[in-house]
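Peer 1: Before anything else, here's the structure in question.
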Amino acid sequence: MDITPIIPGDRMIIEAYGPGRFRISGQVHETPVMVFLDEVKTWAAADAGDIDAESLAQAAQKGVEVLLIGTGAKMHLLPPEVRRALREQGIGVEVMDTGAACRTFNILMAESRQVAAALLPIA
């Protein structure tokens, strides 16, 4: 019996991550990225200090319910005003290291959740 979920072909899946890069649905990205169910976009944040409500605004435009933020090799706290701004838009946010965010995105995506991940590469 196959217990792995069937992933629709039009969904993004994070296949690998490593120093300075991601492989998402067969495409290599060497910049910070925002991964949505149907597309990948370059993310303007260069490091955890750049994360603000403006850099995450795309999530609200895409109807995301859960936003995972991968802050690199280590988890960094999100400023309270950023959490508040996302909550006011109806977006739940979880901050974690990038590896955990990649794995969590794939699980929630497979469960058909309205999820996105904003990912900083690990060093």
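Peer 1: Just give me the residues in the range 70-123 being surrounded by fewer than 18 Cβ atoms within 10 Å (Cβ to Cβ), over 13 Å from the mean Cα position of the chain (by Cα) and of a type in the set (A, V, I, L, M, F, W, C), in sequence order.
Peer 2: If the condition is that a residue be surrounded by fewer than 18 Cβ atoms within 10 Å (Cβ to Cβ), over 13 Å from the mean Cα position of the chain (by Cα) and of a type in the set (A, V, I, L, M, F, W, C), then 73, 75, 77, 110, 123 are the ones that fit.
Peer 1: Taking the residues in the range 45-69 that are in contact with a strand residue (DSSP E or B) (Cβ under 9 Å, 6 or more places away or on another chain) and assigned to a loop (DSSP other than H, G, I, E, B) as candidates, determine which candidate is surrounded by the fewest Cβ atoms within 10 Å (Cβ to Cβ).
Peer 2: Across the range 45-69, the extreme among qualifying residues is 65.
Peer 1: Look at the range 3-39 and say how many of its residues are over 15 Å from residue 122 (Cβ atoms) and outside any strand (DSSP E or B).
Peer 2: Residues meeting the conditions: 17.
Quick note: the coordinates plus some simple rules give every number you see, no bench work behind them. Owing to the predicted nature of the structure, the values given are computational and were not obtained by experimental measurement. Note that we place each Cβ from the backbone using ideal geometry, even for glycine, and neighbour counts take in every protein chain shown.
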